[in-house]
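Have a look at the structure below, then the notes.
The values are calculated or read from the model by the stated rules, or taken from the named source; none is laboratory data. These numbers were taken from a predicted model, which means no experiment stands behind them. No Cβ is skipped: glycine too gets one built from the backbone with ideal geometry, and neighbour counts run over all protein chains shown.
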């Protein structure tokens, strides 16, 4: 009996999320969003997926989209700035801006870099910053210092 009630609550919450995001009323389809102004995917994933009014952006690492060069040895500040600019380019490819970002997940190789990363991050989110989770991880792709993923909505 408790399991049935829990399932009902989950279904109600999911329905509310879909309704708020516009997915329930628009019969949303999954759409790939990409731009040459951000690094191409380095694996079997998309830069972003649009679903209804929501945009799910894959984690970006500090790769310069013009040269396709990794900024592995750059400072945490320079890596963070490039990552956020790359994410901004993906948002713009979908007609969005940083103000549309609802949530971010920041992966840091060293949590001691948090304050420096946070200083750059604050430059991109001056008002009404998105919800955020920040975690230290043992290793990131190509041994970079930071990776950031986002969810945005209109």
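If you go through the range 121-128 one residue at a time, do you hit one that is surrounded by fewer than 18 Cβ atoms within 10 Å (Cβ to Cβ), touching a strand residue (DSSP E or B) at 6+ places or on another chain (Cβ under 8 Å) and modelled with pLDDT of 95 or more? For the range 121-128, residues surrounded by fewer than 18 Cβ atoms within 10 Å (Cβ to Cβ), touching a strand residue (DSSP E or B) at 6+ places or on another chain (Cβ under 8 Å) and modelled with pLDDT of 95 or more: present. Quick one: is residue 145 under 21 Å from residue 46 (Cβ atoms), buried (at least 18 other Cβ atoms within 10 Å of the Cβ), out of contact with any strand residue (DSSP E or B) (no Cβ under 6 Å at 6 or more places or on another chain) and at pLDDT 95 or above? Answer is no for this residue. Across the range 99-117, the number of residues qualifying as part of a helix (DSSP H, G or I) and surrounded by fewer than 20 Cβ atoms within 10 Å (Cβ to Cβ) comes to 8.
Pairs are defined by a Cβ separation below 7 Å, a sequence spacing of at least 6 or placement on different chains, a first member in the range 74-90 that is closer than 16 Å to residue 142 by Cβ, and a second member that is part of a helix (DSSP H, G or I); the pairs so defined are 76/113; 76/116; 76/117; 80/117; 80/120; 80/121. Does residue 96 satisfy the criteria of being free of Cβ contacts under 8 Å to residues at least 60 places away in the same chain, surrounded by 13 or more Cβ atoms within 10 Å (Cβ to Cβ) and in a helix (DSSP H, G or I)? Criteria not met by residue 96. The set of residues from the range 131-144 being within 16 Å of the chain's Cα centre (by Cα) and within 15 Å of residue 59 (Cβ to Cβ) comprises 132, 133, 134, 135, 140, 141.
Quick one: in the range 66-89, which of the residues that are in a loop (DSSP other than H, G, I, E, B) and modelled with pLDDT of 95 or more is surrounded by the fewest Cβ atoms within 10 Å (Cβ to Cβ)? So the residue we want is 75.
Return yes or no: is residue 120 under 14 Å from the mean Cα position of the chain (by Cα) and assigned to a helix (DSSP H, G or I)? No. Restricting to the range 49-65, give me the number of residues that are in contact with a strand residue (DSSP E or B) (Cβ under 6 Å, 6 or more places away or on another chain) and either at pLDDT below 95 or part of a loop (DSSP other than H, G, I, E, B) (or both). The qualifying residues number 2.
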